[in-house]
Amino acid sequence: MTAKEYLSKGRELNLTIRSHEAIIDNLKRLEQSIPTPQFDEEVVDRTRSFKAPFEKWLYKRLDWEDRVKKEKEELAKVQKELGDVIMKIDDTSYQAVLMLRYVAFKNWTDIASELSFSDSYVYRLHGKALLLVEIPKEDSRVEYE
């Protein structure tokens, strides 16, 4: 595992959380929608459901919210771990670039403007900083499942 792959695990988890939050928003919308009869399907006699039409969406949303809560807790742990690894680097410019990129999830333009550096200089700092990152031993092993 390279330093960049190691540091990117928080960013990937953050993207996963964002996509799951979009699913939750969609389920909230479905909860509040009114079902309409399906006229294009063949009519079949069946037992009428006495459940509220929004009930299945509500349960799905609650399950997704529990999942996102657990993912956010995991993200907080990962951010702390990454912050600890980054703070072991002596140069504060390297620390700032890596913290903004991998812990605060900023894009390159925002990092450059926040640090008052040019984009190309931020890229160079990032490349040099990655060489100084020491990956903890328990994360550098290859896991087989």
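So, in segment 27-47, of the ones that are touching a Lys or Arg at 6+ places or on another chain (Cβ under 9 Å) and of a type outside the set (D, E, K, R), which residue ends up surrounded by the most Cβ atoms within 10 Å (Cβ to Cβ)? Talk me through it step by step, then tell me what you get.
First pass over segment 27-47, keeping only residues touching a Lys or Arg at 6+ places or on another chain (Cβ under 9 Å): 27-28, 30-31.
Next, from what is left, pick out any that are of a type outside the set (D, E, K, R): 27, 30.
Values: LEU27: 21, LEU30: 16.
Within segment 27-47, the match that is surrounded by the most Cβ atoms within 10 Å (Cβ to Cβ) is LEU27.
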Tally, over segment 93-126, of residues that are in a loop (DSSP other than H, G, I, E, B), within 21 Å of VAL78 (Cα to Cα) and not hydrophobic (A, V, I, L, M, F, W, C): 2
Evaluation of LYS56 against (1) at pLDDT below 95; (2) more than 28 Å from SER19 (Cα to Cα); (3) assigned to a helix (DSSP H, G or I); (4) among the basic types (Lys, Arg) (one fails), failing number: (2)
Qualifying residue in segment 69-80 (condition: out of contact with any Gly (no Cβ under 9 Å at 6 or more places or on another chain), among the hydrophobic types (A, V, I, L, M, F, W, C) and over 20 Å from ILE17 (Cα atoms)): no
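Can you pull out every residue in segment 43-53 that is farther than 30 Å from ARG18 by Cα and either hydrophobic (A, V, I, L, M, F, W, C) or not in a loop (DSSP other than H, G, I, E, B) (or both)? Lay out the reasoning, then the answer.
Our first condition is that a residue be farther than 30 Å from ARG18 by Cα; within segment 43-53, this holds for 43-51.
Matches in segment 43-53: VAL43, VAL44, PHE50.
Kindly provide the set of residues from segment 64-73 that are surrounded by 12 or more Cβ atoms within 10 Å (Cβ to Cβ) and either farther than 29 Å from ARG11 by Cα or not hydrophobic (A, V, I, L, M, F, W, C) (or both), ordered by number.
Of segment 64-73, the ones surrounded by 12 or more Cβ atoms within 10 Å (Cβ to Cβ) are 64-65, 67-68, 71-72.
Passing the criteria: GLU65, ARG67, GLU71, LYS72.
The values are calculated or read from the model by the stated rules, or taken from the named source; none is laboratory data. Being a predicted model, the structure only gives us computed values, none of them experimental. Quick reminder, even Gly has a Cβ in these numbers, built from the backbone with ideal geometry, and neighbours come from all protein chains shown.
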